[in-house]
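Here is the structure we will look at.
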Amino acid sequence: MPQIDASFAGQTVITTFEMTPATAHDLLEKLQSAYQEVIRHQPGFLGAGLHMNDAMTRICNYSQWQRREDYQAMLRTPEMRERNREINTLCKGFEPVMYEVVGVV
């Protein structure tokens, strides 16, 4: 489970997926499967959380990595390239954005 701490020196990635309620649970299952079967075993992976809004139109994924390069290497694996093509068919789009923790209350 991710720990949000202002002293965290690794890479935080927040990805937002936009979908319809009709595909929400299928998309969530694909994401959970990717984390259980592939992502959690990648070098540098520290933890992640998945959040779905009440309207089932957005999923937010918060993940932490030791280094930016670890996250980028995971995306380039053949397994994740194939999975991301499948995930893309279930949503209107998704956007991963790299962040730095600058404060915690």
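Computed from the coordinates by the stated procedures, all read-outs in this text should not be read as laboratory data. All figures in this text were calculated on a predicted structure; none of them were measured in a lab. Methodologically, a virtual Cβ is constructed for each residue, glycine included, from the backbone with ideal geometry; neighbour enumeration extends over all protein chains shown.
Observations on the model:
- The chain: angle of helix 78-89 to the longest principal axis, Cα-based, in degrees nearest 10: 50 degrees
- Among 98, 74, the ranking by other beta carbons within 10 Å of each residue's beta carbon, starting with the fewest, stands as 98, 74.
- The three principal axes of the C-alpha atoms in region 11-99 carry coordinate ranges of 34, 25, 19 Å, sorted with the longest axis first.
- Note, ³J(HN,Hα) from phi for region 8-17, Karplus 6.51, -1.76, 1.60, rounded to Hz, x at Gly and Pro: 4, 9, x, 10, 9, 10, 10, 10, 10, 10
- Cα-projected label distance for residue 62 with residue 105, points at 7 Å along beta-carbon direction, nm: 1.4 nm
- Remark: 80, 19 ranked as 80, 19, counting other beta-carbon atoms within 10 Å and listing the fewest first.
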